[in-house]
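A quick write-up on the structure given underneath.
The values are calculated or read from the model by the stated rules, or taken from the named source; none is laboratory data. Since this is a predicted model, take the numbers as computed values, not measurements. Glycine gets a Cβ as well: all are built from the backbone with ideal geometry, and neighbour counts include every protein chain shown. Remember, those area values only see protein heavy atoms, side chains included, never the ligands or the DNA or RNA. Shrake-Rupley method; radii C 1.70, N 1.55, O 1.52, S 1.80 Å.
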Amino acid sequence: MIADGKFGIYGGIFVPELLIPALEELEGAFIKYKDDKDFNAELDYYLREFAGRPTSLYYARNLSEKLGCKIYLKREDMLHTGAHKINNTLGQGLLAKYMGKKRLIAETGAGQHGIATAVVGALLKMPTEVYMGSEDVQRQKLNVFRMELSDAKVIPVDSGSRTLKDSINEALRDWISNVEYTHYLIGSTMGPHPYPTMVKHFQSIIGRETKKQIMEKDDKNPDVIIACVGGGSNAIGIFSEFIEDENVELVGVEGGGNGVNSGKTGATLSVGTEGVLHGSLSFVLQNKYGQINEAHSISAGLDYPGVGPEHAHLKVTGRAKYVAINDKEALHGFKLLSKYEGIIPALESAHAIAYLEKYVQLRENKGKTIVVNLSGRGDKDMFLVAEEMGEEV
């Protein structure tokens, strides 16, 4: 029987009985191959030669001088496809190949996970279909085109809020119907066990590289690590290597939307309550009857009404702190990094940059060494940001 996959009380398996054999098969394959020499040699090759690892830990001199701290950026934005998502899609895609699966399906919000899945499908010669909320299809037309160029089929989802939550629902329905030959390549540290553990494993390369690089540069750990949190994969990836280092402050930044008390927010850990969504127990945005509320964020990658169960555990144990940045503040962070460093961040990452500025305004935080995980680049968001700023492109 499959393990419960808990982080404290969070996580677990809350799925239809039909999916239990598929999850058992997936867990067995993950356990078999995660330490397998041949599997890891092939994965390391693709991460290095195809994706572009290792990514740099860049000293942001101009921003450091402006804010009065020593600021490093972990440059996941420089990876092939433009974000950290490729780390996980290469790992899961290769695992699916070793399992003998013939088809990949995925969900996507901002489109970065969809693109990363599409290119891996092309690389491994596996037909790929990506479910994407029709609202996100409109917000991220460029990413849709990029997926289709890699021969993936993008399936718009018109139900519910027409965003990430609903694309996950449709992907799960597909998987139930086609589980014998299909792998559902989940893009974040959410979903039923073993997905949160498996995605963390494939994203933990971010944290391992960061620790090695900061030791080479400063010969000590950073004082704080800041990363945006939607489902939570980029954050848990960089947090993972530092969770046991209690002197390192860990900060996750959620999409506050119109404000955490506005009813239009994606700040699950800030205002959500315990509940079950998409196969695991975590914090969710829900009403008093347990019905899931629609999430909102200017960032398509942060408007998810749930969050990975390990983040819930880190929150309640106090090991990590979670804050919210609203849409207006995120746009400011987008412009701030672009102006001072010539680096255009994804709107998701712009939330972390915006909180960085607020963090260092506190006197006790001046002079600290801070690492921000720059999880993606902003090419995909240019038209949306221009529209929000009233500019023509």
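Select from region 220-247 the residues that are under 18 Å from Gly191 (Cβ atoms) and in contact (Cβ under 8 Å) with a residue 60 or more places away in the chain and list them in ascending order.
Keep residues of region 220-247 that are under 18 Å from Gly191 (Cβ atoms), which gives 229-237, 240.
Answer for region 220-247, where residues must be under 18 Å from Gly191 (Cβ atoms) and in contact (Cβ under 8 Å) with a residue 60 or more places away in the chain: Val229, Gly230, Gly231, Gly232, Ser233, Asn234, Ala235, Ile236, Gly237.
Output the residues belonging to region 237-248 that are within 14 Å of Ala352 (Cα to Cα) and touching an Asp or Glu at 6+ places or on another chain (Cβ under 8 Å).
Correct list: empty.
Pairs needed: first member in region 323-334, open to solvent by 50 Å² or more (accessible area, probe 1.4 Å); second member anywhere, modelled with pLDDT of 95 or more and part of a helix (DSSP H, G or I); C-beta distance under 7 Å; at least 6 residues apart or different chains.
Qualifying pairs under 7 Å: Glu329/Ala354; His332/Ala354.
For the condition open to solvent by less than 10 Å² (accessible area, probe 1.4 Å) and modelled with pLDDT of 95 or more, what is the one hit in Ile344, Ile353?
Working: Ile344 fails: open to solvent by less than 10 Å² (accessible area, probe 1.4 Å).
Only one candidate passes the filter, namely Ile353.
Can you tell me which residues in region 150-207 are charged (D, E, K, R), more than 17 Å from Leu95 (Cβ to Cβ) and open to solvent by 20 Å² or more (accessible area, probe 1.4 Å)? It would help to see each step written out before you state the result.
Of the residues in region 150-207, the ones charged (D, E, K, R) are 151, 153, 158, 162, 165-166, 170, 173-174, 180, 200.
Imposing the further condition that a residue be more than 17 Å from Leu95 (Cβ to Cβ) reduces the set to 151, 153, 158, 162, 165-166, 170, 173-174.
Listed by number, the residues that qualify are Asp151, Lys153, Asp158, Arg162, Lys165, Glu170, Arg173.
Any idea which residue in region 365-393 is most open to solvent (accessible area, probe 1.4 Å), counting only those that are of a type in the set (D, E, K, R) and not in a helix (DSSP H, G or I)? Steps first, answer last, please.
Going residue by residue through region 365-393, those that are of a type in the set (D, E, K, R) are 366, 368, 377, 379-381, 387-388, 391-392.
Those still in the list that are not in a helix (DSSP H, G or I) too: 366, 368, 377, 391-392.
On the way: Lys366: 105, Lys368: 50, Arg377: 73, Glu391: 111, Glu392: 178 Å².
If we take residues in region 365-393 being of a type in the set (D, E, K, R) and not in a helix (DSSP H, G or I), then Glu392 is most open to solvent (accessible area, probe 1.4 Å).
Would you please name the residue that is most open to solvent (accessible area, probe 1.4 Å), looking only at residues in region 256-285 that are of a type outside the set (Ser, Thr, Tyr) and more than 17 Å from Ser297 (Cβ to Cβ)?
Restricting attention to region 256-285, the residues satisfying the condition of being of a type outside the set (Ser, Thr, Tyr) are 256-261, 263-264, 266-267, 269, 271-272, 274-279, 281, 283-285.
Then drop every residue that is not more than 17 Å from Ser297 (Cβ to Cβ), which leaves 274-276, 278-279, 281.
Numbers: Glu274: 99, Gly275: 9, Val276: 73, His278: 20, Gly279: 5, Leu281: 37 Å².
The extreme case among them is Glu274.
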